[in-house]
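For reference, the structure is listed below as structure tokens.
The values are calculated or read from the model by the stated rules, or taken from the named source; none is laboratory data. The structure presented is a predicted model; accordingly, all values stated were derived computationally and were not measured. Cβ placement follows ideal geometry from the backbone for every residue including glycine, while neighbour counts extend to all protein chains displayed.
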């Protein structure tokens, strides 16, 4: 099963993925962008905010995604794959930029992934107040510096993106206790596995 943990920065994706490793010891843990050698370089370019063109940024993410699918996802489809972000984030960020049509975004992502999408999307959702607090506690990267309103718009677009891609979306309150969030994700995955 290929699942993705989605959410805006500071939502707790990394924490939950560390927890899930303990529950699914044989799982392949990966991320977008930056899971491959080429992806690491692409991630650095994007996070440095060097690109002035939003289209260039979008295409960099697509390049990373194509490499990720080829190098990590396809070879491991017989295993549990847990990804920190996926095509869902790619579509959501592109929709927020507003420079590329929805149709083009969907077609280009289908091209990059070969139509290979996560089977489940877990979205860790934050309130405005909690997001403001969490951002105040850390050094901000290029994306986070775009501000609270931008990140909350992304969060809404993550929900929209999962719908456009026709993916199963499970929204989890990211302000809940860390253990409770982990348990909710694990229970959902195990139910799915039991039904197969």
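Considering segment 73-92 alone, what residues qualify as being surrounded by 19 or more Cβ atoms within 10 Å (Cβ to Cβ) and assigned to a helix (DSSP H, G or I)? Correct list: 73, 87, 88, 89, 90, 91, 92. The residues of segment 144-157 that are more than 26 Å from residue 168 (Cβ to Cβ) and either in contact with a strand residue (DSSP E or B) (Cβ under 8 Å, 6 or more places away or on another chain) or not in a helix (DSSP H, G or I) (or both) amount to a single one, 147. Every listed requirement among (1) over 22 Å from residue 73 (Cα atoms); (2) free of Cβ contacts under 8 Å to residues at least 12 places away in the same chain; (3) surrounded by 13 or more Cβ atoms within 10 Å (Cβ to Cβ) is met by residue 139 save one, (3).
Screening residue 145 on (1) touching a residue at least 60 places away in the same chain (Cβ under 8 Å); (2) within 22 Å of residue 17 (Cα to Cα); (3) out of contact with any helix residue (DSSP H, G or I) (no Cβ under 9 Å at 6 or more places or on another chain) shows it passes everything except condition (2).
Only one of the numbered conditions (1) modelled with pLDDT of 90 or more; (2) under 26 Å from residue 117 (Cβ atoms); (3) surrounded by 14 or more Cβ atoms within 10 Å (Cβ to Cβ) is violated by residue 163, and that is (3).
Taken over segment 98-131, residues that are in a helix (DSSP H, G or I) and either under 15 Å from the mean Cα position of the chain (by Cα) or under 19 Å from residue 72 (Cβ atoms) (or both) amount to 5. Scanning segment 155-178 for residues that are free of Cβ contacts under 8 Å to residues at least 40 places away in the same chain and closer than 22 Å to residue 129 by Cα yields 156, 159, 176, 177. Only a single criterion out of (1) assigned to a helix (DSSP H, G or I); (2) touching a strand residue (DSSP E or B) at 6+ places or on another chain (Cβ under 8 Å); (3) surrounded by 15 or more Cβ atoms within 10 Å (Cβ to Cβ); (4) touching a residue at least 40 places away in the same chain (Cβ under 8 Å) is not satisfied by residue 14, namely (3). Among the residues making up segment 61-75, those that are under 20 Å from residue 105 (Cα atoms) and in contact (Cβ under 8 Å) with a residue 24 or more places away in the chain are 61, 62, 63, 64, 65, 66, 67, 68, 69. Every residue in segment 42-60 that is touching a residue at least 60 places away in the same chain (Cβ under 8 Å) and either within 13 Å of the chain's Cα centre (by Cα) or assigned to a helix (DSSP H, G or I) (or both), please. Hits for segment 42-60 are 46, 47. For residues that are part of a helix (DSSP H, G or I) and crowded, with 20+ Cβ neighbours inside 10 Å, scanning just segment 17-41, find the one that is modelled with the highest pLDDT. Only one residue tops the list, namely 20. Among the conditions (1) surrounded by 14 or more Cβ atoms within 10 Å (Cβ to Cβ); (2) touching a residue at least 40 places away in the same chain (Cβ under 8 Å); (3) under 24 Å from residue 81 (Cβ atoms), the only one that residue 119 does not satisfy is (1). Is it fair to say residue 149 is on the phi < 0 side of the Ramachandran plot and surrounded by 14 or more Cβ atoms within 10 Å (Cβ to Cβ)? The answer is no for residue 149. Number of residues in segment 158-182 that are in contact with a helix residue (DSSP H, G or I) (Cβ under 7 Å, 6 or more places away or on another chain) and assigned to a helix (DSSP H, G or I): the value is 8.
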